[in-house]
Amino acid sequence: MFDYLRGNITKQIANYIVVDVSGVGYKLYTPNPYGFKELENVTVYCYTHIREDEQTLYGFKTEDERDLFLRLIDVKGLGPKMAITILASCSINGLVDAIDRENILYLKKIPKVGEKLARQIILDLKG
């Protein structure tokens, strides 16, 4: 739907930012809203999640971060909210390295990730 939004950040809350694009405020859930500076002109890479009862925008500082998010939501049993939690809990390089090395202990340190989900992430994303 949206590839990116470019505008000024007008609000930062614990799990989302609001980006003003030509007078329209877009609420984007993001892994680290405090990685952005308020009133800064930014480009935020987007993913639009549409369900029967909601439409949600997710925002990312880089295309690589968004690409990893898209890979995570393809994992069986892992949705966008959980993928955001995972990205907020560790660095992209740390996560990729843990998956490649099959480091279940690293993945289990992420909130709400147990042994079963950690193994599923490795199974689906290794390589």
Practice task
Determine, at each q value in 0.13 (inverse angstroms), the log₁₀ of I(q)/I(0) that the Debye formula gives when each Cα of segment 59-119 is one equal point scatterer.
Solution key: -0.29
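Taking 35 Å as R0, compute the FRET efficiency from the Cβ-Cβ separation of Glu40 and Asp100 and round it to 0.05.
Working: r = 34 Å, r/R0 = 0.96.
With R0 = 35 Å, the Cβ-Cβ based efficiency is 0.55.
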Handout entry: For the chain, calculated [θ]222 nm from helices alone, where every DSSP H run of n ≥ 4 adds -39500 (n - 2.57)
Key = -10500 deg cm²/dmol
Exercise for the section: Can you send over the solvent-accessible area of Ile110, 1.4 Å probe, protein chains only, in Å² to the nearest 10? Expected result: 10 Å²
Handout entry: Protection proxy ranking, peptides 53-61, 37-45, average beta carbon neighbours within 10 Å, highest first
Key = 53-61, 37-45
Fill in the blank from the handout: The equivalent-ellipsoid semi-axes of the chain, taken as the square roots of five times the Cα gyration tensor eigenvalues and listed largest first in whole Å, are 28, 15, 12
Problem - Point-to-point label distance, Ser91-Glu52, nm (Cα→Cβ direction, 7 Å offset) - result: 4.3 nm
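Pairs to check: Lys11/Lys112; Lys27/Lys61; Lys76/Lys126. Give those whose C-alpha atoms are more than 20 Å from each other in this structure.
Going by Cα-Cα distance, Lys11/Lys112 fall outside the 20 Å limit.
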Completion exercise
So the FRET efficiency between Asp64 and Lys126, C-beta based with R0 = 25 Å and rounded to 0.05, is 0.90
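Applying 1/(1 + (r/R0)^6) with R0 = 22 Å to the Cβ-Cβ distance of Asp74 and Lys27, what FRET efficiency is obtained, to the nearest 0.05?
Numbers: r = 24 Å, r/R0 = 1.10.
Rounded to the nearest 0.05, the efficiency is 0.35.
What does the accessible area per residue of segment 1-46 come to in Å², with a 1.4 Å probe and no ligands, DNA or RNA counted? Let's see the in-between values first.
Numbers: 2700 Å² over 46 residues.
Heavy-atom accessible area per residue stands at 59 Å².
The values are calculated or read from the model by the stated rules, or taken from the named source; none is laboratory data. This one's a predicted model, so the numbers in the text were calculated from it and none came from an experiment. No Cβ is skipped: glycine too gets one built from the backbone with ideal geometry, and neighbour counts run over all protein chains shown. With ligands, DNA and RNA removed, areas are computed over all heavy atoms of the protein, side chains included. Shrake-Rupley method; radii C 1.70, N 1.55, O 1.52, S 1.80 Å.
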